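A short write-up of the structure that comes next.
The values are calculated or read from the model by the stated rules, or taken from the named source; none is laboratory data. Predicted model only: the values in this text are computed from it and were never measured. Cβ: placed from backbone, ideal geometry, glycine included. Neighbour counts: every protein chain shown. All accessible areas refer to the heavy atoms of the entire protein, side chains included, with ligands and DNA or RNA removed. Shrake-Rupley method; radii C 1.70, N 1.55, O 1.52, S 1.80 Å.
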Amino acid sequence: MEKNIIRTNQLKGIITPPGDKSISHRALMFNAIADKKARITGLLESDDIQSTIDCLKLLGVDIKQHAKGIYDVKGVGINGLQLPSENLNCGNSGTTMRLLIGLLSSINGQVRLVGDQSLQSRPMDRVYDYLNQIGGKISSENKNGCAPIIIEGSKIKNNDPIKLKIASAQIKSAILLASLTSRSRLELIEPIKSRDHSERLLIAMGVDIQVDDKKIKIEDFPSNLQSLDIEIPGDISAAAPWIVAALIHPNAEIQINNVGLNATRAGIIDIFLEMGGNISIMNKRVIGNEEVADLIVRSSELNGVSINKELIPRAIDEIPLVALAACFAKNKTTINDIDELKVKESNRLVNTIDILSKFGGNVTSQNNKLIIHGVSKLNGCRLICNIDHRMIMLAGIAACVSEGESTLINVESVGVSYPNFWDDFHSLVQ
Ligand code: S3P
């Protein structure tokens, strides 16, 4: 699919982003091993979430769609997952694969996890190395740390605190799930606090988790998880393209409803407020144990800032869009500690620089930093996109604020996280 995009004179409208991807995966997986039936409302219906649903069905879980975005999951109990009759295909979804490694670490038998070309080049040893140190038997078929992954189910037992080297909610959640299914006590310390959706859900499902900033401790897991009816808030990562579009377009006002603002995820709001962004936060409320609000974002004069490493895990999926906004800011923006961008659905460090440079941005990297000098304008271009959904959305927003016309080629992979992205885009730019 190809898109021709011309900058419009104004950008005005109301968007409701789809359900949060991280919470959708977890609501499905955790309820899959709970004790009864749960109803999930506002589930993200995208390719990544379909990968999780398909894997769970192969593991014997009954998941039925009741209506649009509403799903019923019948829990099979903490150790009730069946051996699948075929490989579990995680598609493009790193969260599916990494959380399944934890969830299935003690299954009775062998499971093989595969994924698409992008996923099969992403590091999985960052998860299973920790588990193997405490009794797991998990390996990479090609011995390169990437999928295909073979899990030989075995109980883990963990006495000592686990100190994570990387701030990653996927690693943390996999270890949590492995400890839960083996009923092994857990003490885990992160270098910087990562998103805490797993902890919030598990606490609501009856697990006694002591949380002290970067440290979590569970002395005793229950023998059952209580099924949890849950409403999923809108995804701040899907709201981010519209936040950036409104900030940098000269004549914009976009209302974005129902945005999850969990403090461990809402780093971009802090970044843009510090840059001088005009963002009003209204109707603060709590949905599904998560803070939610409606936003109104207006055209803004942004100033360059230095973004330190403590903020990165709270905005990791939005950093490419922050770099785009920084192209329109006065002076220089430095984003520190961006190594993790290299191991996402694509090498987002290289791709952010490539894409923004094609539009005329001044973006470079040096010593684990991304450096962006504000420019007076970006110019439309012709771009062949890769399969990374977030890079395609970045290119779409860059095109809609650039002078002249842009042609974007291969733009369909937005379906990984935001199937209606282009419909919402056209509703704003017409
Ligand atoms: C996610 C955590 C982040 C994020 C990813 C989703 C999650 O990855 O980039 O898109 O749902 O836990 P890391 O945990 O590897 O930083």
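What to note about this one:
- Criterion applied to ILE216, ILE243 was being β-branched (Val, Ile, Thr), closer than 25 Å to LEU311 by Cα and not assigned by TED's automatic domain parsing to the domain that holds GLY80, and the one residue passing it is ILE243.
- Complete set of residues in the stretch 298-326 that are more than 16 Å from the ligand (Cβ to nearest atom) and touching an Asp or Glu at 6+ places or on another chain (Cβ under 6 Å): ARG298, VAL305
- Of all residues making up the stretch 258-307, the number that are over 21 Å from GLU190 (Cβ atoms) and either in contact with a strand residue (DSSP E or B) (Cβ under 8 Å, 6 or more places away or on another chain) or in contact (Cβ under 8 Å) with a residue 40 or more places away in the chain (or both): 34
- Pair list, Cβ under 9 Å, 6 or more apart: the stretch 385-413 residue without any contact (Cβ under 8 Å) to a residue 12 or more places away in the chain, other residue assigned to a strand (DSSP E or B) and surrounded by fewer than 24 Cβ atoms within 10 Å (Cβ to Cβ): none
- Subset of the stretch 1-44 (residues that are among the acidic types (Asp, Glu) and touching a strand residue (DSSP E or B) at 6+ places or on another chain (Cβ under 8 Å)): GLU2, ASP20
- Any hit, the stretch 272-280, residues being touching a Pro at 6+ places or on another chain (Cβ under 6 Å) and surrounded by 16 or more Cβ atoms within 10 Å (Cβ to Cβ): no
- Yes/no for GLY234 being within 16 Å of the ligand (Cβ to nearest atom), open to solvent by less than 10 Å² (accessible area, probe 1.4 Å) and touching a Lys or Arg at 6+ places or on another chain (Cβ under 6 Å): no
- The helices (runs of 4 or more DSSP H) found wholly in the stretch 2-119 and carrying at least 2 residues that are open to solvent by 20 Å² or more (accessible area, probe 1.4 Å) and either modelled with pLDDT of 95 or more or within 16 Å of the ligand (Cβ to nearest atom) (or both) occupy 47-58.
- The residues on offer are SER198, SER223, and the sole one that is open to solvent by less than 30 Å² (accessible area, probe 1.4 Å), of a type in the set (Gly, Ala, Ser) and either touching a residue at least 60 places away in the same chain (Cβ under 8 Å) or in the same structural domain as LYS309 (by TED's automatic domain parsing) (or both) is SER198.
- Restricting the stretch 136-154 to residues that are away from the ligand (no atom under 16 Å from the Cβ) and in contact (Cβ under 8 Å) with a residue 40 or more places away in the chain, the residue that is surrounded by the fewest Cβ atoms within 10 Å (Cβ to Cβ): GLU152
- Single match in GLU187, GLU199 (criterion: touching a Lys or Arg at 6+ places or on another chain (Cβ under 6 Å) and either away from the ligand (no atom under 11 Å from the Cβ) or modelled with pLDDT under 95 (or both)): GLU187
- Whichever residue in the stretch 206-220 is under 22 Å from the mean Cα position of the chain (by Cα) and of a type in the set (A, V, I, L, M) and, among such residues, is least open to solvent (accessible area, probe 1.4 Å): ILE216
- Some residue of the stretch 355-366 being open to solvent by 20 Å² or more (accessible area, probe 1.4 Å), over 30 Å from GLN10 (Cβ atoms) and in contact with a Ser or Thr (Cβ under 6 Å, 6 or more places away or on another chain): no
- One residue stands out among those in the stretch 165-179 that are within 10 Å of the ligand (Cβ to nearest atom) and under 11 Å from PRO191 (Cα atoms): the one that is surrounded by the fewest Cβ atoms within 10 Å (Cβ to Cβ), which is ILE166.
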